[in-house]
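Here it is: the structure, laid out below.
No lab work stands behind these numbers, since they all come straight from the coordinates. Since the model is a prediction, treat every value here as computed from it, not as a measurement. Virtual Cβ from ideal backbone geometry, glycine too; neighbours counted across all protein chains shown.
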Amino acid sequence: MAIRLSPLVTQTRKPPLISLRKGNLTFSHFLAAPISKSFVNTASLHRNSSSHSWLSPNVKSGETEGKPSTEEILFDEQTLQQELDKAIKDEDYAHAAKLRDNLQVIHEDSKASVLSANARFYHAFRNGDLAAMQSIWAKEDHVYVVHPGAGRISGYELVTDSWEIVCGADHEFPIQIDLKDVEVHVRGNVGYVTCMEVVKTKGGSWGKQVATNVFEKIDGQWFMCIHHASHIDE
């Protein structure tokens, strides 16, 4: 699959701007490495179809590895909330207290699981691992990505096509991505992480992005459905 890349050098502290044209898809993405004069305008990138086992990511600031334990809870979050509301209405406060504790266990466990999925996403990003990146995204039409300086790219195929360009960038992986100001919120089968990405490469830095990563729980596993990153001028 041939992909045409047209390098456009910007006169700012931002990384070089890359314009991707692939069929009807056009977007721009800030890449984390300088473009050499010998950089070719046309490159053939091939997806890695081999199976991939998740490696334990190096946990950065604000990241954590969670071990799901919700199987030990008999009710899901919505059912527990309904039972809690009923217990309070019936003034059965002892039962309500137990339900509240169980609900808190599920909520905290879900937060840990979302943070674990977030860690896997950045592990794939740091290492330029396309197979891993493809695995973390929900295979749905409603997923989308907004790369820094680019518009919205929707649908699993186009989203992973955009990451194919990022993972095939002309620089050495792994790159360093430190996460700051990480916050996680979960409600039912949807969770999101907000953070600041501090992205560096060997011999330099190309600044900071604010990012929002949204995950949804499908068949008991958390998958990414939205990644939105915006560059911060310093």
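Dipole magnitude of region 64-232 about its Cα centre, charges +1 at Lys/Arg Cβ and -1 at Asp/Glu Cβ only, in debye to the nearest 20? Working shown, then result.
Working: 16 positive and 27 negative charges, 123 e Å.
In total the dipole reaches around 600 debye.
Holding the Cα-Cα limit at 30 Å, pick out from 111/208; 98/217; 89/180; 98/139 the pairs that are longer than that. Working shown, then result.
On the way: 111/208 25 Å; 98/217 25 Å; 89/180 42 Å; 98/139 38 Å.
Distance filter (> 30 Å) returns 89/180; 98/139.
I'd like to know which of 229, 97, 115 lies farthest towards the positive end of the charge dipole of region 64-232, counting +1 on Cβ of Lys and Arg and -1 on Cβ of Asp and Glu.
In region 64-232, that residue is 229.
Using only Cα positions of region 64-232, each an equal point scatterer, no hydration layer, compute I(q)/I(0) via Debye at q = 0.11, 0.17, 0.18 Å⁻¹ and quote the log10 values to two decimals.
-0.53, -1.01, -1.10
Could you give the length gained on full extension between residue 104 and residue 194, defined as 0.36 nm per residue of separation minus the Cα-Cα distance, in nm? It would help to have the intermediate numbers written out before the result.
Working: separation 90, 0.36 × 90 = 32.40 nm, distance 2.12 nm.
Net length gain for the segment: 30.3 nm.
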